Amino acid sequence: MKKLILIIVLLSLGLSAGTQSKKAMNEYFIECRDGNSGSCHFLDMQFKKKYNFKMKTSKVYAKACKKGDLQSCLNLALLYDNANEVKKDKNRARELFSKACEGGLSNACFYLGFSYYYLNGHNKEDKKAVKQYRKACEGNSSFGCYYLGKFYYQGYGVSRDADTAIHYYTKACNLGNLGACNDLAFVYYGGRYVKTDYVRAGTLFLKACKGGKTAGCKSAASLRRTGMFDY
């Protein structure tokens, strides 16, 4: 009850100027109260950003997940995974990741694959992780492609294959994964599995840098100082 009162007070203050905006926010609140997980998530982000106040959404996600809302299943899994609002439960998180993945959410497949690693480290379950990363990548999850590339590059759960690794690193980078751009740049910089290409490496480092990855900025600057790449 106290949380509902606080939310109403915040709404009365207005998250943004204008009657129309306030009306929209009230509609989100009503939808959230009635069990719309998407509206709850939106409000959660708005309150956290403007008022440093976090709504409790786990019950709404659980209810929506039971009704078949796969995004709510993924959101609830992440709460269990990070001990946010609920007690940390990696196995419960994995069950929910699996449900969302089987329903077609590619990012859930990535998290499911990652769970095989972070629960047990690299071991016989690496093959299971690769299977889920592949499924995630096929659904254009940038992290799924990135980690699939990593596993091929290191030979985890699959035979080491640099060409396949580069393929997935490239796809992940094109999907906007800055870590993949940075790692791919090092492949071209090192020249271990491909012909050394400082210009291509520099271009990828710079792309990672412009996206906010500090390591990419440092690497691009280093190449520039040596005269191997300019921008």
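The values are calculated or read from the model by the stated rules, or taken from the named source; none is laboratory data. Source: prediction; values computed, not measured. FYI the Cβ positions are ideal-geometry reconstructions off the backbone, even for glycines, and counts take in every protein chain you see.
For the condition in contact with a Cys (Cβ under 6 Å, 6 or more places away or on another chain), modelled with pLDDT of 95 or more and among the small types (G, A, S), what is the one hit in G149, G144, G179, G139? That would be G144, the only listed residue that is in contact with a Cys (Cβ under 6 Å, 6 or more places away or on another chain), modelled with pLDDT of 95 or more and among the small types (G, A, S). Total residues in segment 142-172 satisfying the condition of being more than 21 Å from the chain's Cα centre (by Cα), β-branched (V, I, T) and assigned to a helix (DSSP H, G or I): the figure is 1. Residue count for segment 191-212 under the criterion of being closer than 19 Å to I166 by Cβ and either among the aromatic types (F, W, Y) or part of a loop (DSSP other than H, G, I, E, B) (or both): the result is 9. Return yes when D230 is under 28 Å from the mean Cα position of the chain (by Cα) and acidic (D, E) and no when it is not. So D230 fails the test.
Only one entry in K50, K63, K56, K67 is among the basic types (K, R), more than 16 Å from S115 (Cβ to Cβ) and at pLDDT below 70, namely K50.
Among the residues making up segment 187-227, a single one is modelled with pLDDT of 95 or more and in contact with an Asp or Glu (Cβ under 7 Å, 6 or more places away or on another chain): Y188. Condition check: within 23 Å of K150 (Cα to Cα), at pLDDT 90 or above, crowded, with 20+ Cβ neighbours inside 10 Å and hydroxyl-bearing (S, T, Y). Does Y116 satisfy that? No; evaluated as a whole, the condition is false for this residue.
Tally the residues that are of a type outside the set (S, T, N, Q) and buried (at least 24 other Cβ atoms within 10 Å of the Cβ), restricting the search to segment 136-162. Count: 10.
Among residues of segment 196-208 that are within 16 Å of A172 (Cβ to Cβ), none has a Cβ under 6 angstrom from a residue that is of a type in the set (D, E, K, R) at a sequence gap of 6+ or on a separate chain.
Residues considered: A221, A165. Of these, the only one that is surrounded by fewer than 21 Cβ atoms within 10 Å (Cβ to Cβ) and of a type in the set (G, A, S) is A221.
Based on what the data block shows, is L184 crowded, with 21+ Cβ neighbours inside 10 Å, at pLDDT 95 or above, touching a helix residue (DSSP H, G or I) at 6+ places or on another chain (Cβ under 7 Å) and under 25 Å from S222 (Cα atoms)? When the stated conditions are applied, L184 passes them. Taken over segment 96-113, the criterion of being among the basic types (K, R) and surrounded by fewer than 19 Cβ atoms within 10 Å (Cβ to Cβ) is satisfied by no residue.
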